[in-house]
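**Student:** Sharing a structure below in structure tokens format, with a few things to ask.
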Amino acid sequence: MLRLLLGNDPLFKVPQYQLVSPAEFLIYAVLGLLGGLLSVAFTKLLLKLRERFLRLPRKTMWLQPAVGGVVVGIMGWFVPQTLGVGYSHVGQVLNGGMALRLMVLLLVLKLIGVVVSYASGNAGGIFGPAFSGAMLGGAVGSVAHNLFPGMWLPPELTP
């Protein structure tokens, strides 16, 4: 179905990466640690907020998804990149085309949006963690490039 709707091209054009220094593995370890912490935070937030929604009076069940929709809608009004699956934004991150501040903002807002949306009873948004993972990886990569510019080549200069 995906190929029928989006064509046969890959969803993401990923530049060729190469290991320039073994010290890069330290950055990957930091990324793994932060990714694990983000995963735990996501899961705990989702479960706690879902529990809170379920404790609300039964007569509010029909209104609960609207709460999630309003939260996501307000975020989308001010930061439209938080809406949808974000394939184009993930592609920008993979190719070094997004600013660090925007990546961090999208990471936080998408996390909040997915948690509130899903916990309130909406069906959509649970694939948001893939988007958040891309933003986290891009942010860690940007910080690493700024702190250690000679450690490795940026994606656009990698042969």
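**Student:** Under 26 Å between alpha carbons, and skipping anything fewer than 8 positions from LYS13 in its own chain: which lysines qualify?
**Tutor:** LYS110
**Student:** Based on the Cα atoms of the chain, what semi-axes does the equivalent ellipsoid have, where each is the square root of 5 times one gyration tensor eigenvalue, given in whole Å with the largest first?
**Tutor:** Each semi-axis is the square root of five times an eigenvalue, giving 34, 19, 13 Å.
**Student:** To continue, here is another question. Within the accessible area of the chain, what % is carbon and sulfur when the probe is 1.4 Å and the other protein chains stay in place? Walk me through the numbers before you get to the answer.
**Tutor:** Details: 7310 of 10360 Å².
Heavy-atom surface of the chain belonging to carbon and sulfur, 1.4 Å probe: 71 percent.
**Student:** Using alpha carbons only, how many degrees (0 to 90, rounded to 10) separate the axis of helix 24-55 from the longest principal axis of the chain?
**Tutor:** In the chain, helix 24-55 runs at an angle near 0 degrees to the longest axis.
**Student:** Going by Cα centres, the stretch 7-38 and the stretch 98-120 are how many Å apart?
**Tutor:** The two parts, judged by their Cα centres, are 20 Å apart.
**Student:** What does the accessible area of VAL20 come to, in Å² to the nearest 10, when a probe of 1.4 Å is used?
**Tutor:** So the heavy atoms of VAL20 present about 70 Å² to solvent.
**Student:** Once phi is turned into θ = phi - 60°, what whole-Hz ³J(HN,Hα) does the Karplus curve with 6.51, -1.76 and 1.60 give for every residue of the stretch 138-149, x standing for Gly and Pro?
**Tutor:** So the Karplus estimates, Gly and Pro as x, are x, 5, 4, x, 5, 4, 5, 5, 6, 6, 10, x Hz.
**Student:** Apply the Karplus curve 6.51 cos²θ - 1.76 cosθ + 1.60, θ = phi - 60°, to the phi angles in the stretch 85-97 and return the couplings in whole Hz, x for Gly and Pro.
**Tutor:** Result, rounded to whole Hz: 7, x, 4, 5, 6, 4, x, 4, 5, 4, 10, x, x.
**Student:** With +1 on the Cβ of every Lys and Arg and -1 on the Cβ of every Asp and Glu, and nothing else charged, how large is the dipole of the chain about its Cα centre, in debye rounded to the nearest 20?
**Tutor:** 840 debye
**Student:** Set the Förster distance to 25 Å, then compute FRET efficiency between ARG101 and LYS44 from the Cβ-Cβ distance, nearest 0.05.
**Tutor:** The value I calculate is 0.45.
**Student:** Just need the relative contact order of the chain here, percent rounded to a whole number, with Cα pairs under 8 Å and 6+ apart.
**Tutor:** 36 percent
**Student:** Among GLN16, VAL67, THR82, pick out the residue whose Cα is farthest towards the positive end of the charge dipole of the stretch 1-130, where Lys and Arg carry +1 and Asp and Glu carry -1 on C-beta, about the Cα centre.
**Tutor:** VAL67
**Student:** Could you sort GLU24, GLU51 by their accessible area in this structure, using a 1.4 Å probe and putting the largest first?
**Tutor:** GLU51, GLU24
**Student:** With a point put 7 Å past each Cα toward its Cβ, work out how far LEU37 is from LEU4 in nm, to one decimal.
**Tutor:** Rounded to a tenth, the inter-label distance reads 4.5 nm.
**Student:** As a test question: what accessible area, to the nearest 10 Å², does LEU37 have when a 1.4 Å probe is rolled over all protein chains in place?
**Tutor:** 100 Å²
**Student:** Same structure again: Taking only protein heavy atoms into account and a 1.4 Å probe, give the accessible area per residue of the stretch 37-154 in Å².
**Tutor:** Values: 6930 Å² over 118 residues.
Accessible area per residue, the stretch 37-154: 59 Å².
The values are calculated or read from the model by the stated rules, or taken from the named source; none is laboratory data. Values in this document were obtained by computation on a predicted structure and should not be read as measured data. Positions of Cβ are generated from backbone atoms using ideal geometry, with glycine treated the same way; all protein chains shown enter the neighbour counts. When the accessible area is computed, the model is the full protein with side chains, heavy atoms only, and any ligands, DNA or RNA have been set aside. Shrake-Rupley method; radii C 1.70, N 1.55, O 1.52, S 1.80 Å.
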